[in-house]
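The values are calculated or read from the model by the stated rules, or taken from the named source; none is laboratory data. Bear in mind that the values here come from a model prediction, so they are computed numbers and not experimental data. We place every Cβ from the backbone using ideal geometry, glycine too, and count neighbours over all the protein chains shown. Ligands, DNA and RNA are stripped out before the accessible areas are found, and what is left, the full protein with its side chains, is counted by its heavy atoms. Shrake-Rupley method; radii C 1.70, N 1.55, O 1.52, S 1.80 Å.
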Amino acid sequence: MNRILSCKLSCRPEPLMHSFGFKGGSVSQLWQVACVLTDDDGRQGLGLGVQSVLWSDTAVFSSLGPDSGNECMLSLTRYALNLLQGRTLLRPDLMLQQLLGPVWEYGRKISGLADLRLTFVLNALTPVDWALWQLYARQRQCFHLTELAPPRLCWGLEQRQPVLGNVPLISYSTGQEEILSLARQGTFLYKIKIGSAPGAPSDLDAMLAWDCNRLSEIHRLLERFETPYTDCGHPVYYLDANGRYDTPRRVEALLEYAEKAGMLDRIVLLEEPFAEENLQNVSALPVRVAGDESAHSAGDAVRLMDEYGYSAIALKPVAKTLSVTLDVLREAHSRQVPCFCADLTVNPAMVQYNKCIAGRLAILPGLKAGVMESNGAQNYTHWKSMEALNPSCGEPWTVPQNGFYSLNDRFYETDGGIWQDYPHYQCWPDILCNTASDRTEC
């Protein structure tokens, strides 16, 4: 059996074009992470990650701030890599299980938060998990996910969608012209951030009023457009509350407003209305409700579906590790609960991670084509130059045309190129550092 002899870690902050608001806060940059694992035969696996402290744990963001919060998350990644050195390479999902407890405990210690959220830890472990899967693939000389992972982890990955509609993000600050431009390009599903409270995050009445006005504004822009890719024949909406609502009654008030505005039948998803410490039963709500941040693990997803009536699950291999994603999908698929891939404003190379899963999922109810969220092009200042770092750059499936990714036979034969070398990341020795050192060059 091969052992992991060395690990390296790199980090590079990428600026955003504008302040990115959600969960009542905002970020101006996202730290990009890469880690490299080398075994005793010289094989290497490289995993990428994007850190999102505000999304993964608002308490860390509030108590430490954006910079120290990012440093905290990066420390967890480094700690995990140190734990891996010298270990025998096993199936990656099994190795992640071994890492999770110690890394979570270390995170509690350095953050000072006894209730540090598991999603924060998984966000930190995502590049490590992907590096393990890539090294495992190279060791076994098997470069197809559905053959590399055991059958029980591939339930729900039976489809081969020919196209995926690109789902853009409509943030608090997305302007009318950008929304209209997306509609003219053929976008048929819009992810809309709700939960803004311009005065104070705790003013939930003001938040509800803001959300109602925002939905009305967006619907007025889009109601006249038509599309063949939805059951209703018009663009539809996916509302992301990020846990900002407190009671089902307040959510009902939002949906009652949407019904009066003539847009309730266009809401195909409502994601994460309640914070995980305040979960409420959603089975009586007149829309399909999806779990995201609160579905840390397969056990959490089961609880959401079985106890709280959640009827969809957002998968995030780019934020909560591939290993956990496959486990969550298995539980959802066994309950016939639809899943979809959500973004974390990841870089172009990581978009392929999501695409590899999204192309194999069944189509969501209310739609007539597969979908996948990707909003990096809307938000990163240097998106065009970042595209050159994607080893699949130039392949037809990498860039959406008229709002669609085309997934040809070569895409499925190569899993979208996710097992390739990442030469551009490997040639950055100036930002790579051995995990044995406490130095992080960011």
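Could you run through segment 293-341 and say how many residues are at pLDDT 95 or above, touching an Asp or Glu at 6+ places or on another chain (Cβ under 6 Å) and among the hydroxyl-bearing types (Ser, Thr, Tyr)? Summing the residues that are at pLDDT 95 or above, touching an Asp or Glu at 6+ places or on another chain (Cβ under 6 Å) and among the hydroxyl-bearing types (Ser, Thr, Tyr) in segment 293-341 gives 2. Can you say whether Ile170 is in contact with a helix residue (DSSP H, G or I) (Cβ under 7 Å, 6 or more places away or on another chain) and either of a type in the set (S, T, N, Q) or at pLDDT 95 or above (or both), as far as the supplied structure shows? Taking the combined requirement at face value, the residue does not satisfy it.
Looking across segment 240-258, the residues that are part of a helix (DSSP H, G or I), more than 26 Å from Asn375 (Cβ to Cβ), in contact (Cβ under 8 Å) with a residue 24 or more places away in the chain and not small (Gly, Ala, Ser) come down to Pro248, Arg250, Glu252. Residue count for segment 227-251 under the criterion of being crowded, with 18+ Cβ neighbours inside 10 Å, polar (S, T, N, Q) and at pLDDT 95 or above: the result is 2.
Among Arg224, Arg220, which is the only one that is modelled with pLDDT of 95 or more, out of contact with any helix residue (DSSP H, G or I) (no Cβ under 6 Å at 6 or more places or on another chain), in a helix (DSSP H, G or I) and surrounded by fewer than 21 Cβ atoms within 10 Å (Cβ to Cβ)? Let's see the steps before the verdict.
Numbers: Arg224 fails: in a helix (DSSP H, G or I).
Unique residue meeting the criteria: Arg220.
Residues of segment 55-73 that are touching a Ser or Thr at 6+ places or on another chain (Cβ under 9 Å) and surrounded by fewer than 21 Cβ atoms within 10 Å (Cβ to Cβ): Ala59, Ser63, Leu64, Pro66, Glu71.
The rows are residues; the columns are (1) in contact with a helix residue (DSSP H, G or I) (Cβ under 6 Å, 6 or more places away or on another chain); (2) under 22 Å from Gly262 (Cβ atoms).
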residue: Phe143; (1), (2): yes, no
residue: Pro151; (1), (2): no, no
residue: Thr174; (1), (2): no, yes
residue: Ile194; (1), (2): yes, yes
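Of all the residues in segment 183-217, those that are assigned to a loop (DSSP other than H, G, I, E, B), within 23 Å of Gly366 (Cα to Cα), of a type outside the set (A, V, I, L, M) and open to solvent by less than 60 Å² (accessible area, probe 1.4 Å) number 3. The helices (runs of 4 or more DSSP H) found wholly in segment 300-395 and carrying at least 2 residues that are open to solvent by less than 10 Å² (accessible area, probe 1.4 Å), closer than 26 Å to Gln98 by Cβ and in contact (Cβ under 8 Å) with a residue 24 or more places away in the chain occupy 322-334, 348-358. Among all positions in segment 123-141, there is no residue which is assigned to a loop (DSSP other than H, G, I, E, B), touching a residue at least 12 places away in the same chain (Cβ under 8 Å) and touching a Cys at 6+ places or on another chain (Cβ under 7 Å).
Can you find a residue that is modelled with pLDDT under 95, open to solvent by less than 50 Å² (accessible area, probe 1.4 Å) and in a loop (DSSP other than H, G, I, E, B) anywhere in segment 281-292? Scanning segment 281-292 turns up at least one residue that is modelled with pLDDT under 95, open to solvent by less than 50 Å² (accessible area, probe 1.4 Å) and in a loop (DSSP other than H, G, I, E, B). Looking for whichever is at pLDDT 95 or above, surrounded by 24 or more Cβ atoms within 10 Å (Cβ to Cβ) and not aromatic (Phe, Trp, Tyr) here; the options are Ala114, Ala137, Ala131. Which one fits? Unique residue meeting the criteria: Ala131. Checked against (1) out of contact with any strand residue (DSSP E or B) (no Cβ under 8 Å at 6 or more places or on another chain); (2) under 24 Å from Ser374 (Cβ atoms), Arg220 meets all criteria but (2).
On inspection, Ala137 qualifies as more than 18 Å from the chain's Cα centre (by Cα), under 22 Å from Asp41 (Cα atoms) and small (Gly, Ala, Ser).
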